[in-house]
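Enquirer: For reference, the structure I am asking about is given below.
The values are calculated or read from the model by the stated rules, or taken from the named source; none is laboratory data. All figures in this text were calculated on a predicted structure; none of them were measured in a lab. Here the Cβ positions follow ideal geometry from the backbone for every residue, glycine too, while neighbour counts run over all protein chains shown.
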């Protein structure tokens, strides 16, 4: 691990945010620049030899779900900026990005090349509340704290809000962390989302055991969800358990 700018390893604004360079990332050799939160929670990585490459599987899978589900989409609301991977990939689309941490936005511009002027600093739900009804083709959720995805972003009230801001063909796609089996929170999120959206699909990366924590993508839509398995960057469709309804 090679520190990039030491002053950012212990930022005065948020000492738990790190930016560093490394020659190995999850077993892959190369040159990578990484944005990482405390507890080894990597929020984004840039391949310095191939800057336009989307490094991680989960954004590649989300990109395919968007392109397969609504090829001519234009308007997207994204909660959780990271290094700007998704919004940067779709630079020609109309993205509005909500990021609660101003330091993350600053670092994405200084060290990861994010140059679009479409990020608002603030709570994503509160910002979404002020958006016009039926505006968006997609609402994307990729927001994490040390305790996981904030509860107010996976409640019944939030999903009702999201549905009201999506057009008739719109969908919500969430990147979560959990287990595909016997995970009470993931089951509760799945059940809560199903209360607002008629069509639900969930995807996870294969793991050696059902207890392994991994990325889980859940998509909700008012229309049938289409995708091609070979384009899902290794994610496979999974059946999630049922759970309680999450409320504010």
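Enquirer: When residue 62 is evaluated against the numbered criteria (1) in contact with a strand residue (DSSP E or B) (Cβ under 6 Å, 6 or more places away or on another chain); (2) part of a loop (DSSP other than H, G, I, E, B); (3) modelled with pLDDT of 95 or more, which criterion, by number, is the only one it fails?
Expert: The number of the failed condition is (2).
Enquirer: Which condition number in (1) closer than 22 Å to residue 232 by Cβ; (2) in contact with a helix residue (DSSP H, G or I) (Cβ under 8 Å, 6 or more places away or on another chain) is the one that residue 177 fails?
Expert: (2)
Rundown of residues vs (1) more than 12 Å from the chain's Cα centre (by Cα); (2) at pLDDT 95 or above; (3) within 27 Å of residue 201 (Cβ to Cβ), yes/no style:
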{"residue": "69", "(1), (2), (3)": "yes, no, yes"}
{"residue": "84", "(1), (2), (3)": "no, yes, yes"}
{"residue": "114", "(1), (2), (3)": "yes, yes, no"}
{"residue": "117", "(1), (2), (3)": "yes, yes, no"}
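Enquirer: Continuing with the same structure: Which numbered condition in (1) at pLDDT 95 or above; (2) surrounded by fewer than 16 Cβ atoms within 10 Å (Cβ to Cβ); (3) not in a loop (DSSP other than H, G, I, E, B) is the only one that residue 50 fails?
Expert: Going through (1) at pLDDT 95 or above; (2) surrounded by fewer than 16 Cβ atoms within 10 Å (Cβ to Cβ); (3) not in a loop (DSSP other than H, G, I, E, B) one by one, residue 50 breaks only (3).
Enquirer: Please go through the range 173-221 and give me each residue that is part of a loop (DSSP other than H, G, I, E, B), surrounded by fewer than 21 Cβ atoms within 10 Å (Cβ to Cβ), in contact (Cβ under 8 Å) with a residue 40 or more places away in the chain and within 18 Å of the chain's Cα centre (by Cα), ordered by number.
Expert: Across the range 173-221, the qualifying residue is only 205.
Enquirer: Right, here's the next one. Name the one entry in 96, 106 that is surrounded by 15 or more Cβ atoms within 10 Å (Cβ to Cβ), part of a helix (DSSP H, G or I) and free of Cβ contacts under 8 Å to residues at least 40 places away in the same chain.
Expert: Residue meeting the stated conditions: 106.
Enquirer: Take residue 95 and decide whether it is modelled with pLDDT of 95 or more and within 22 Å of residue 173 (Cβ to Cβ). Before the answer, list the steps.
Expert: Details: modelled with pLDDT of 95 or more: yes; within 22 Å of residue 173 (Cβ to Cβ): yes.
Yes; evaluated as a whole, the condition is true for this residue.
Enquirer: Still on this structure, I have one more. Out of all the residues in the range 47-60, is one or more within 25 Å of residue 228 (Cα to Cα) and without any contact (Cβ under 8 Å) to a residue 12 or more places away in the chain? Can you show your working first?
Expert: Kept after step one, since they are within 25 Å of residue 228 (Cα to Cα), are these residues of the range 47-60: 52-60.
Among the residues that remain, those that are also without any contact (Cβ under 8 Å) to a residue 12 or more places away in the chain are: 52-53.
Looking for residues that are within 25 Å of residue 228 (Cα to Cα) and without any contact (Cβ under 8 Å) to a residue 12 or more places away in the chain, one finds at least one in the range 47-60, hence yes.
Enquirer: Tally up the residues in the range 130-170 that are more than 14 Å from the chain's Cα centre (by Cα), surrounded by 23 or more Cβ atoms within 10 Å (Cβ to Cβ) and part of a strand (DSSP E or B), please.
Expert: 3
Enquirer: Another question about this same structure. Would you mind stating whether residue 120 is over 27 Å from residue 68 (Cβ atoms) and either out of contact with any strand residue (DSSP E or B) (no Cβ under 9 Å at 6 or more places or on another chain) or not in a strand (DSSP E or B) (or both)? Quick ask: steps written out before the conclusion?
Expert: Working: over 27 Å from residue 68 (Cβ atoms): yes; either out of contact with any strand residue (DSSP E or B) (no Cβ under 9 Å at 6 or more places or on another chain) or not in a strand (DSSP E or B) (or both): no.
Considered against the rule, which asks whether it is over 27 Å from residue 68 (Cβ atoms) and either out of contact with any strand residue (DSSP E or B) (no Cβ under 9 Å at 6 or more places or on another chain) or not in a strand (DSSP E or B) (or both), residue 120 comes out as no.
Enquirer: A further question follows. So which residues in the range 65-87 are under 25 Å from residue 129 (Cα atoms), surrounded by fewer than 19 Cβ atoms within 10 Å (Cβ to Cβ) and touching a helix residue (DSSP H, G or I) at 6+ places or on another chain (Cβ under 9 Å), if there are any at all?
Expert: Matches in the range 65-87: none.
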